[in-house]
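Novice: Here it is, the structure, as structure tokens.
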Amino acid sequence: MADSRLRISDTPTGVAESPLRREAPGGFGKRSGETHRRKRWQGAPGRLHHVVALASDALDQVRRQVWNQLRAVDPDKAKQFKGARWVLLKRPERLTDTQAATLRKLRRHGGAAWRAYGLKEALRAVFAGDLTPSETTELLDRWCVKAARSRLEPFVKLTGTVRTHREGILAAIRLGINNARVEALNNKVRLITRRAYGFHSAQAALALVMLACGPITLRLPYEQTHVRPHSV
């Protein structure tokens, strides 16, 4: 049986809800790089943090929709949710007292923004790393069912993405591996490429990459040990 903290039952959203999330806060902001992040993730379903990042992007889309609706109907009421974006996107345990109070207001208000927040936090709990592979599989499938029925278009779309890459996601969880090392190497190479601006040839940039990332060990002159043959 999956962890009782994550049961999808009698919660305000019908989604898994942790004790922290019950007391946590929420917020409203600008368009994110959801499209770019989704394209980067398509070829690498093992990036579990990207799955949660896509859920955050979906939450931000819902938040913008709610904000625009409130602003059109009651601008004064919409101003009450100013700055709520970071409240919704941050982890509950990292919220300040002011942000926690804002989240409680959002919870009392309910509606699409709070339901989207519940879905995002439930997915983050699934990938928290404290569940067995079988529990994670069960909860991920249940999350997909709930998100697909949420009538929140960004989350319905995300459900399709998760289901498409389901096997890769579960394999990453089961094997406990990811491509973090590869991403770290790519970032290092990109940094070196920027430093190589103005080099006269690509070979010089490649040499710098090999020097910084390749299997080359250089010894400074004072580190070298000179062995002199014995004099006869």
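Novice: Quick one: compute the contact order of the range 98-232, relative version, from alpha carbon pairs under 8 angstrom and 6+ residues apart, as a percent.
Specialist: Numbers: 41 pairs, mean separation 17.6, N = 135.
RCO, the range 98-232: 13 percent.
Novice: With contacts defined as alpha carbon pairs under 8 Å and 6 or more residues apart, what's the relative contact order of the range 57-150 in percent?
Specialist: Relative contact order of the range 57-150: 27 percent.
Novice: Which FRET efficiency value, to the nearest 0.05, do you get for Glu167 and Tyr222 by plugging their Cβ-Cβ distance into 1/(1 + (r/R0)^6) with R0 = 41 Å?
Specialist: It comes to 0.15.
Novice: Another one. Nearest 20 debye, what's the magnitude of the dipole of the range 180-223 about its Cα centre given +1 on Lys and Arg Cβ and -1 on Asp and Glu Cβ?
Specialist: 120 debye
Novice: Something else now. With 21 Å as the limit, write out which pairs from Lys105/Lys146; Lys105/Lys157; Lys79/Lys146; Lys77/Lys105; Lys90/Lys188 have Cα-Cα distances beyond it, or answer none.
Specialist: Beyond 21 Å between Cα atoms: Lys105/Lys146; Lys105/Lys157; Lys79/Lys146; Lys90/Lys188.
Novice: Take the eigenvalues of the Cα gyration tensor for the range 113-232, scale each by 5, and report the square roots as semi-axes in whole Å, largest first. Please list the in-between numbers first.
Specialist: Working: eigenvalues 524, 87, 26 Å².
For the range 113-232, the ellipsoid semi-axes come out as 51, 21, 11 Å.
Novice: Between Leu211 and Arg91, what's the calculated FRET efficiency when r is the beta-carbon distance and R0 is 41 Å? Round to 0.05.
Specialist: Plugging the Cβ-Cβ distance into 1/(1 + (r/R0)^6) gives 0.55.
Novice: For Ala180 and Glu135, what does the FRET efficiency come to when R0 = 22 Å and r is the distance between their Cβ atoms, rounded to the nearest 0.05?
Specialist: Given R0 = 22 Å and the Cβ-Cβ separation, E is 0.40.
Novice: Right, here's the next one. So, by mean Cβ neighbours within 10 angstrom, what's the order for 111-124, 154-167 with the highest one leading?
Specialist: The packing order, highest mean first, is 111-124, 154-167.
Just so you know, all these numbers are worked out from the coordinates, no wet-lab data involved. This is a predicted model, so every value here is computed, not measured. Glycine also receives a Cβ, built like all others from the backbone with ideal geometry; neighbour counts cover every protein chain displayed.
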